[in-house]
1. Give the residues of the stretch 19-56 that are among the hydroxyl-bearing types (Ser, Thr, Tyr) and under 17 Å from Gly78 (Cβ atoms), sorted by residue number.
2. Counting only residues that are on the phi > 0 side of the Ramachandran plot and more than 16 Å from the ligand (Cβ to nearest atom), which one in the stretch 122-170 is surrounded by the fewest Cβ atoms within 10 Å (Cβ to Cβ)?
3. Going by the structure shown, is Val186 modelled with pLDDT of 95 or more, among the aliphatic types (A, V, I, L, M) and surrounded by fewer than 16 Cβ atoms within 10 Å (Cβ to Cβ)?
4. Among the residues of the stretch 1-48, what is the count of those that are of a type in the set (Val, Ile, Thr) and surrounded by fewer than 14 Cβ atoms within 10 Å (Cβ to Cβ)?
5. Restricting the search to the stretch 164-178, which residues are in a strand (DSSP E or B) and more than 17 Å from Asp142 (Cα to Cα)?
6. Would you mind finding the one in Ile71, Ile62, Ile79 that is closer than 15 Å to Thr155 by Cα and either in a strand (DSSP E or B) or touching a residue at least 60 places away in the same chain (Cβ under 8 Å) (or both)?
7. Is there a residue in the stretch 137-157 that is closer than 23 Å to Asn42 by Cα, among the acidic types (Asp, Glu) and within 16 Å of the chain's Cα centre (by Cα)?
8. Just to be sure before I move on: is Ser51 in contact (Cβ under 8 Å) with a residue 12 or more places away in the chain and not in a loop (DSSP other than H, G, I, E, B) in the structure I sent?
Amino acid sequence: MTSNWMKIVLKAQKIKYGKNLLLKGAPVIFNKKGASMEFGDNVTIKSSFLSNLVGLYSRTIIVTRAENAFISIGNGVGISGATIYARKGITIGDNTCIGGNCKILDNDFHPIEAESRNKLLSDPHGGDSDLVPAKEIHIGKDCFIGCNTIILKGTVLGDGCVVGAGAVVSGKFEAGSVIAGNPARVIRKITHE
Ligand SMILES: CC(C)(COP(=O)(O)OP(=O)(O)OC[C@H]1O[C@@H](n2cnc3c(N)ncnc32)[C@H](O)[C@@H]1OP(=O)(O)O)[C@@H](O)C(=O)NCCC(=O)NCCS
């Protein structure tokens with residue numbers, strides 16, 4: 001059930017959400033002006049320590065951080081204590097499970113070059129955030145993302161991918177890939193024979 005105050009928070013930020021949004025604990029949700037965020041039907045977001053018995057280290061945090069950034073979360077998606085942070089865009093397909101404590105970050109938060117990084121850090125207005133490397137992330141439908149994974153900018157996971165616990169993922173992976181490790185590599189393919 002979505003509490004009334006959370007509905008107010010979502011509506012005030014022009015966030016669209018479907019039927020049966022289930023919140024266990026209070027997530028942190030911030031949608032920047034000019035950005036878009038939407039949740040499909042039957043989405044579950046867990047944010048309290050024991051709402052997933054894997055043990056959540058933090059509340060779920062879902063953020064668009066730049067004008068024109070977008071986050072689109074499909075029907076039936078489950079999210080447990082994850083951070084989903086977009087400067088460009090992140091899509092998550094229907095019925096994908098995001099395991100406990102995942103970080104899905106479509107940007108590096110800081111520029112790579114020290115000079116640019118220092119310039120941004122010293123600017124009280126945040127400076128030119130285009131200097132922060134960012135690329136969209138697309139996660140297909142029916143994926144299973146293990147706990148404590150980190151999914152980095154530019155990642156594309158096809159439908160039905162499985163990501164092993166603790167993986168650090170960067171790159172493009174075909175539908176039905178089981179990937180694991182740091183950097184994550186394909187350990188097998190799921191076949192339906
Ligand atoms: C990725 C996963 C699904 C693979 O399961 P599986 O297909 O049964 O694979 P196996 O256990 O047979 O392991 C196959 C190989 O991958 C390796 N492997 C499996 N999971 C791994 C992981 N998370 N990281 C690194 N290597 C992993 C194994 O060591 C094994 O290597 P080997 O062939 O050299 O011996 C599973 O290990 C996993 O990580 N599940 C996620 C659990 C989780 O986080 N649940 C959500 C909680 S909220």
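The values are calculated or read from the model by the stated rules, or taken from the named source; none is laboratory data. Remember, it's a predicted structure, so these values are computed and weren't measured experimentally. A quick note on method: Cβ atoms are made from the backbone with ideal geometry, for glycine too, and the neighbour counts reach across all protein chains shown.
1. The answer is Thr44, Ser47, Ser48, Ser51.
2. Ranking the candidates gives Gly126 first.
3. yes
4. So the count comes out to 2.
5. Val168, Val169, listed by residue number.
6. Residue meeting the stated conditions: Ile71.
7. yes
8. no
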